[in-house]
Each structure stands twice: as structure tokens, then as C-alpha cells.
Amino acid sequence: EPEVTQTPSHQVTQMGQEVILHCVPISNHLYFYWYRQILGQKVEFLVSFYNNEISEKSEIFDDQFSVERPDGSNFTLKIRSTKLEDSAMYFCASRGTGGFYEQYFGPGTRLTVT
Amino acid sequence: GENVEQHPSTLSVQEGDSAVIKCTYSDSASNYFPWYKQELGKRPQLIIDIRSNVGEKKDQRIAVTLNKTAKHFSLHITETQPEDSAVYFCAAGVGGSYIPTFGRGTSLIVHP
């Protein structure tokens with residue numbers, strides 16, 4: 001069964017550094033998402049991406065964040081100038097079309113900002 | 001925007017008992033309501049979902065009910081087993097672009 005994959009599984013970075021989180025969505029999916037989950041809290045929507053552009057974003061997704069689909073398979077989340085409060089698990093998800101709403105989540109990247 | 005409230009935050013049951021988790025939502029336009037199970041350190045996994053054109057859906061030991069008028073939906077797990085122990089999240093959203101709003105989660109503990 002196809003799965004969403006994410007790399008790295010754990011990223012440690014210093015405050016102020018830039019990080020790029022990588023995702024490979026399921027190959028025939030067209031909608032892509034990034035979510036954040038701070039330890040012990042709920043999953044929070046960051047951004048959705050469709051047809052090579054951002055379709056929606058939350059108030060969390062400010063100028064510090066950007067997304068890109070650099071080729072036909074990868075979907076990346078860039079966080080510029082990381083802050084301590086960016087420490088969280090970041091999940092990528094993808095979804096098909098045709099009335100199928102189910103989102104498939106990746107295993108997540110744990111980001112630790114020190 | 002949508003606001004989803006979920007209760008209880010923690011639920012402890014004995015193996016074999018039933019468990020019920022309840023959620024309310026605020027946006028009457030929401031028409032898709034998935035439930036996710038998240039084991040410690042793992043990804044959220046969809047266990048069941050319901051659309052607003054039905055009031056109940058069942059899959060083996062799991063069922064979900066939806067009351068559109070009252071804007072609440074519930075997850076029912078019967079004959080609970082220790083492997084059901086996890087955090088369960090409800091979510092609500094509008095189909096189409098579908099941006100789900102998640103509840104805060106319920107930690108279900110099933111004691112053998």
C-alpha cells in the first residue's frame with residue numbers, strides 16, 4: 001500500500017537557523033498539506049497546496065514559512081530563522097481527488113530547536 | 001472559522017467495556033467528520049469518517065454518529081481491547097479543499 005514518506009525523522013537545529021523538511025506524497029495525489037503538532041497538543045493545520053500553489057494557509061503559516069514542490073515527487077516545508085517555539089512534530093499529508101476526502105499522513109519529522 | 005471541542009480529554013476503561021468520545025463543531029458548513037487514532041510517536045491514522053448526508057456509520061467495533069442539528073458527533077468503541085489505547089482526535093471540515101480543524105484529543109486507556 002502506498003504511503004507518504006518524510007525525511008528526516010528527527011532534525012535538531014539551533015535557533016535562527018533555516019531548516020527544510022522533506023515529504024514525498026502518494027504518487028497520484030494532488031492535494032498536499034503540512035501540519036504541526038506541539039508535544040501533547042492537537043494537530044494544527046499550516047498550509048495546503050494544490051496545482052503548484054498554496055490554496056490555503058493558517059495564521060501560523062507566516063513569512064517565516066514557505067513550501068515548494070521542486071519536482072514531481074517532493075513537497076518541502078522551509079522554516080527560516082527557527083525559534084524555540086517551532087519545536088514540534090511536523091506532519092505532511094496528501095489527498096486524492098474525485099470526492100475522496102481522506103488525508104494520508106506521513107510519519108512526521110520531529111523538529112527540535114535549541 | 002471552525003471550532004471543534006472534544007471531550008473527555010482522558011478516558012480510562014476496563015477491557016471489554018465501551019468507550020464514547022464526543023465532539024461538537026461550530027461551522028454549519030462542515031460536512032466531513034473524520035476520526036484519527038494516534039499511537040505514541042506515530043502518525044495520525046484515519047479509523048472512520050462520516051459525511052453529513054448520513055447519521056451513523058459502523059465498522060466492526062467502531063461506530064460514529066452525527067447530529068447535524070445539534071452540531072455534534074461521537075465515536076463509539078465497543079468491546080475495547082488494550083491495543084485500542086491511544087489518543088483519538090476528531091476533526092471537522094468542508095469537503096472540497098477540505099481543511100480539517102482538529103479537536104484537542106482524547107487519551108483512551110484500556111486496562112487489561
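The values are calculated or read from the model by the stated rules, or taken from the named source; none is laboratory data. In this text, all values refer to a predicted model and were calculated from it rather than measured experimentally. Every residue, glycine among them, receives a Cβ derived from its backbone with ideal geometry; neighbour counts consider all protein chains shown. Calculation scope for accessible area: heavy atoms of the full protein, side chains included, ligands and nucleic acids excluded. Shrake-Rupley method; radii C 1.70, N 1.55, O 1.52, S 1.80 Å.
Can you give the charge dipole size of chain B about its Cα centre, rounded to the nearest 20 debye, using +1 on the beta carbon of Lys and Arg and -1 on the beta carbon of Asp and Glu? Don't jump to the answer; show the numbers that get you there.
Values: 11 positive and 12 negative charges, 60 e Å.
Around 280 debye, computed over chain B.
What is the magnitude of the charge dipole of the stretch A:1-101 about its Cα centre, with +1 placed on the Cβ of each Lys and Arg, -1 on the Cβ of each Asp and Glu, and no other charges, expressed in debye to the nearest 20?
Details: 8 positive and 13 negative charges, 20 e Å.
Dipole of the stretch A:1-101, to the nearest 20 debye: 100 debye.
Using only Cα atoms, locate the centre of the stretch B:19-45 and the centre of the stretch B:62-112, then give the distance between them in Å, rounded to an integer.
4 Å
Just how far, in whole angstrom, is the stretch A:30-49 from the stretch A:65-114 if you go by their alpha carbon centroids?
The stretch A:65-114 and the stretch A:30-49 have Cα centres spaced 7 Å from each other.
Taking the stretch A:14-81 on its own, what percent of its Cα-Cα pair distances exceed 14 Å?
Details: 1365 of 2278 pairs.
That fraction is 60 percent.
Grab the eigenvalues of the alpha-carbon gyration tensor for chain B, scale each by 5, take roots, and send me the semi-axes largest first in whole angstrom. Could you put the intermediate results ahead of the total?
Numbers: eigenvalues 109, 41, 29 Å².
Whole-Å semi-axes of the equivalent ellipsoid: 23, 14, 12.
Taking +1 at the Cβ of each Lys and Arg and -1 at the Cβ of each Asp and Glu, which of A:Val43, A:Gly106, A:Met15 sits farthest along the dipole of chain A towards its positive end, judged by Cα position relative to the Cα centre?
Value computed over the given set: A:Met15.
Using +1 on the beta carbon of Lys and Arg, -1 on that of Asp and Glu, and nothing else charged, what's the dipole of the protein assembly as shown about the Cα centre, debye to 20?
Numbers: 20 positive and 26 negative charges, 32 e Å.
It works out to roughly 160 debye.
Go through the stretch A:24-114 and name the GluC sites (Glu not before Pro) that are in a DSSP coil and have 13 or fewer other Cβ atoms within 10 Å of their Cβ.
A:Glu59, A:Glu102
Quote the total accessible area buried by chains B and A together, excluding ligands, DNA and RNA, probe 1.4 Å, nearest 100 Å².
Details: alone 6420 and 6660 Å², together 11200 Å².
Chains B and A together bury approximately 1900 Å².
Over all directions, average the projected area of the Cα convex hull of the protein assembly as shown and note it in nm². Please report the intermediate quantities before stating the final value.
Working: hull surface 50.0 nm².
Mean shadow area of the hull around the Cα atoms is 12.5 nm².
Percent of accessible area on the protein assembly as shown owned by carbon and sulfur, 1.4 Å probe? Kindly include the intermediate steps, with their values, before the conclusion.
Numbers: 5220 of 11200 Å².
Result for the protein assembly as shown: 47 percent of the exposed heavy-atom area is carbon or sulfur.
Rank A:Tyr31, B:Tyr98 by accessible area, highest first, at a 1.4 Å probe radius? All intermediate terms of the calculation are to be shown ahead of the outcome.
Values: A:Tyr31 45, B:Tyr98 0 Å².
From most exposed to least exposed: A:Tyr31, B:Tyr98.
What chymotrypsin sites (Phe, Trp or Tyr not before Pro) does the stretch B:1-68 have in DSSP loop regions with at most 14 other beta carbons within 10 Å?
On the way: sites: B:Tyr25, B:Tyr32, B:Trp35, B:Tyr36; in loops: none.
Sites meeting the loop and neighbour criteria: none at all.
Check cross-link reach from A:Lys78 to the lysines: straight Cα distance under 23 Å, and skip same-chain residues fewer than eight apart.
In chain and number order, the partners are A:Lys42, A:Lys57, B:Lys42.
With respect to the cross-link table entries B:Lys22/B:Lys71; B:Lys22/B:Lys57; A:Lys83/B:Lys37, which display a Cα-Cα separation exceeding 19 Å?
From the list (B:Lys22/B:Lys71; B:Lys22/B:Lys57; A:Lys83/B:Lys37), the Cα-Cα distance tops 19 Å for A:Lys83/B:Lys37.
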